[in-house]
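Beneath this line is the structure, given in structure tokens, with notes to follow.
Please treat every number below as a calculation from the coordinates, not as lab data. Keep in mind it's a predicted model, so treat the numbers as computed, not measured. Note that we place each Cβ from the backbone using ideal geometry, even for glycine, and neighbour counts take in every protein chain shown.
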Amino acid sequence: MTRSGLILYLCMAALIALVGFAQSWNLALTIINLCLISAIMALGVNIQWGYAGLFNVGIMGFAALGGLAGVLVAQPPVGGAWAAGGAGIGLSLLALLGTVGAVVLVRRHVSGRWRNPAALAVAVVGYFVIRAVFDPAVQAIESFDPARTGYLGGLGLPIILSWIVGGAFAAAAAWLVGKVALGLRADYLAIATLGISEIIIAMLKNEDWLTRGVKNVSGLPRPVPIEIQLQQTEWFLDLAARLGANPITFSSIYVKLCYAILFAIVLVILMWLAERALNAPWGRMMRAIRDNRDAAEAMGKDVTARHLQTFILGSAVVGVAGAMLTTLDGQFTPGQYNPLRFTFLIWVMVIVGGSGNNWGAVLGGFLIWFVWVEAEPAGIVLMNLVTAGLDQGSAVRAHLLDAAPHARLFLMGLILLLVLRFSPRGLIPERR
């Protein structure tokens with residue numbers, strides 16, 4: 001990292017410390033945890049865009065798949081739901097695999113003008129067979145105690161395992177998307193990734209048997225202690241007494257600090273791997289492909305295969321971050337995934353920090369999320385100062401105070417414009 005980059009990181013640390021002293025350390029640690037997750041998402045996007053120039057605007061879909069992994073891995077299985085429709089779901093999965101296999105065989109062994117019609121006929125027949133088994137099973141599962149469950153549940157394993165599974169889910173989805181869309185032009189790739197991410201979100205909202213849909217899955221197991229249990233533990237009460245801290249407040253700080261340590265370990269590991277890859281011959285090859293695709297192809301490089309590789313790696317990192325966010329929240333809420341939070345902000349982080357530079361992407365993750373959180377309270381304070389001389393019943397004063405919460409959107413646009421104008425390569429530019 002350059003000297004200017006180190007100074008920027010120190011300034012970022014000072015801003016977070018200022019929140020801790022001026023507001024509360026609970027809030028400061030909350031910001032740190034979300035900054036760490038955002039930095040990992042920005043790192044994943046930087047692998048795709050900064051390394052290979054792949055314009056992925058479907059980030060929220062891959063993050064949502066990571067969140068889904070938290071449910072499928074950590075939640076205990078719902079025995080009644082499995083008894084009601086588990087067999088039907090298994091049979092429908094077998095029917096799906098059989099249909100795919102039959103289509104492949106037909107396309108392989110039937111030639112001439114009957115090839116495509118025969119494959120289509122097999123696919124249509126398979127679709128109706130699958131629905132005949134799948135629909136009754138789904139209805140039975142969703143009817144089982146719908147107020148509390150109405151879904152199959154998960155495997156009941158430690159939720160930290162979902163971070164790996166979330167990355168695998170996102171990587172598998174990226175492989176499917178990449179096989180279809182990576183041969184397209186950059187703008188078509190963007191449209192394809194956006195559309196597929198919307199399909200993923202729609203599925204998670206509507207397939208109640210899998211995710212409870214908009215009813216959400218709450219009470220996910222945690223990889224760190226629970227506050228109320230800490231407050232009843234002798235060693236913790238002794239530690240709080242020695243520090244002169246309130247046990248209730250200190251328990252919340254302790255739990256957030258545990259999360260921060262776990263998230264920081266993941267970020268350090270991913271950062272080390274990303275830096276190793278970027279500075280290896282593979283990284284130099286990816287940047288050569290990004291800068292001049294035609295020249296790289298002329299040198300014998302399989303550009304599409306390398307793009308697919310990078311797309312999968314970046315999406316897997318985003319999936320890991322999505323699983324970590326669900327772990328932190330303690331619940332899976334499909335409705336929270338929206339393009340503003342999980343696509344636009346992540347892209348702003350990468351652009352502001354410096355695309356092509358992993359340290360810049362991580363800094364952008366911290367800076368943009370910090371501004372996003374602090375912009376609203378700062379906007380309210382600023383508007384109160386600006387309108388201090390106005391009458392309490394003034395319509396102008398009321399309008400300005402009502403507009404204060406929207407300061408974060410204004411600041412995002414302003415920061416992006418200023419960086420693009422005065423430092424178009426980002427705060428920590430890519431090393432040439």
What angle, in degrees between 0 and 90 and rounded to the nearest 10, separates the Cα long axis of helix 79-109 from the longest principal axis of the Cα atoms of the chain?
-> 60 degrees
Note down the magnitude of the dipole of segment 340-432 about its Cα centre, charges +1 on Lys and Arg C-beta and -1 on Asp and Glu C-beta and zero elsewhere, to the nearest 20 debye.
-> 460 debye
With labels modelled as points extended 7 Å from the Cα through the Cβ direction, what inter-label distance (nm, one decimal) is found for Ala388 paired with Ile164?
-> 5.7 nm
How far is the Cα center of segment 127-194 from the Cα center of segment 1-75, in Å?
-> 24 Å
Considering only Leu15, Phe144, Gly88, whose Cα is most displaced toward the positive end of the charge dipole of segment 12-167, charges sitting on Cβ of Lys, Arg (+1) and Asp, Glu (-1)?
-> Gly88
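In the P(r) worked out for segment 169-277, what percent of Cα pairs fall beyond 25 Å? Mind showing how you got there, number by number?
Values: 3351 of 5886 pairs.
Result for the distance tail: 57 percent.
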Gaussian network model of the chain, springs between alpha carbon atoms under 10 Å - residue of Leu273, Leu182, Leu194 with greatest fluctuation = Leu273
Relative to the first principal axis of the alpha-carbon coordinates of the chain, what is the inclination of helix 186-206, with its axis defined by its Cα atoms, in degrees from 0 to 90 and to the nearest 10?
-> 90 degrees
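Given +1 on the Cβ of Lys and Arg, -1 on the Cβ of Asp and Glu, and no further charges, what dipole in debye does segment 236-363 carry about its Cα centre, rounded to the nearest 20?
Details: 10 positive and 7 negative charges, 27 e Å.
That gives a dipole near 120 debye.
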Leaving out same-chain residues fewer than 8 places away, which lysines sit with a Cα under 22 Å from that of Lys215?
-> Lys205
Given the Cα-Cα distance of Leu409 and Arg284 and 0.36 nm per residue of separation, how much length would full extension add, in nm?
-> 41.3 nm
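Defining a contact as two alpha carbons under 8 Å apart and six or more residues distant in sequence, what relative contact order in percent does the chain show? Display every interim value, and only then the final one.
Numbers: 645 pairs, mean separation 129.6, N = 432.
About 30 percent, as a whole number.
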Most fluctuating residue given options Ala119, Ala52, Ala69, as computed from a GNM of the chain linking Cα atoms under 10 Å | Ala119
Between the Cα axis of helix 25-46 and the main Cα principal axis of the chain, the angle (0 to 90°, nearest 10) is 40 degrees
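Please rank His307, His109, fewest neighbouring Cβ atoms within 10 Å first, as an exposure proxy. The partial results should precede the final answer.
Details: His307 23, His109 9.
Ranking His307, His109 by Cβ neighbours within 10 Å, fewest first, gives His109, His307.
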Once both labels are modelled 7 Å past Cα along the beta-carbon direction, what's the Leu94-Glu376 spacing in nm?
-> 5.1 nm
Using alpha-carbon positions, what is the distance between the centroids of segment 254-274 and segment 345-400, in Å?
-> 26 Å
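Which whole number in µm²/s is D for segment 25-163 by Stokes-Einstein, with the Kirkwood Rh taken over Cα pairs at 10 °C and 1.306 mPa s? Don't skip to the answer; put the middle values down first.
Working: Rh = 19.0 Å.
Diffusion coefficient, whole number: 84 µm²/s.
Sum -39500 (n - 2.57) across every DSSP H segment of at least 4 residues in the chain, then divide by the residue count to get the 222 nm mean residue ellipticity, nearest 500.
Values: 18 runs with 318 residues, N = 432.
Taken over the chain, the calculation gives -25000 deg cm²/dmol.
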Compute the FRET efficiency between Ile228 and Ala147 as 1/(1 + (r/R0)^6), taking r as their Cβ-Cβ distance and R0 = 35 Å, and round to the nearest 0.05.
-> 0.90
About its Cα centre, what dipole magnitude does segment 78-152 give when the only charges are +1 on Lys and Arg Cβ and -1 on Asp and Glu Cβ, stated in debye to the nearest 20?
-> 540 debye
Consider just the alpha-carbon atoms of the chain and return their Rg together with their Dmax, both in angstrom.
-> 24.8, 83
Amide H proximity to Gly153 below 5 Å, modelled H, separation 5+ or other chain, gives Val78
Subtracting the Cα-Cα distance from 0.36 nm times the residue separation, let me have the gained length for Leu105 to Ile265 in nm, one decimal.
-> 52.9 nm
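Using the reciprocal of the averaged 1/r over all distinct C-alpha pairs, how large is the Kirkwood radius of segment 78-152 in Å? Don't jump to the answer; show the numbers that get you there.
Values: mean 1/r = 0.0734 Å⁻¹.
Computed over Cα pairs of segment 78-152, the Kirkwood hydrodynamic radius comes out at 13.6 Å.
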With labels modelled as points extended 7 Å from the Cα through the Cβ direction, what inter-label distance (nm, one decimal) is found for Arg131 paired with Ile7?
-> 6.5 nm
Mind checking which aspartates and glutamates have their C-alpha under 17 Å from Lys256, skipping anything on the same chain fewer than 8 residues away?
-> Glu227, Asp329
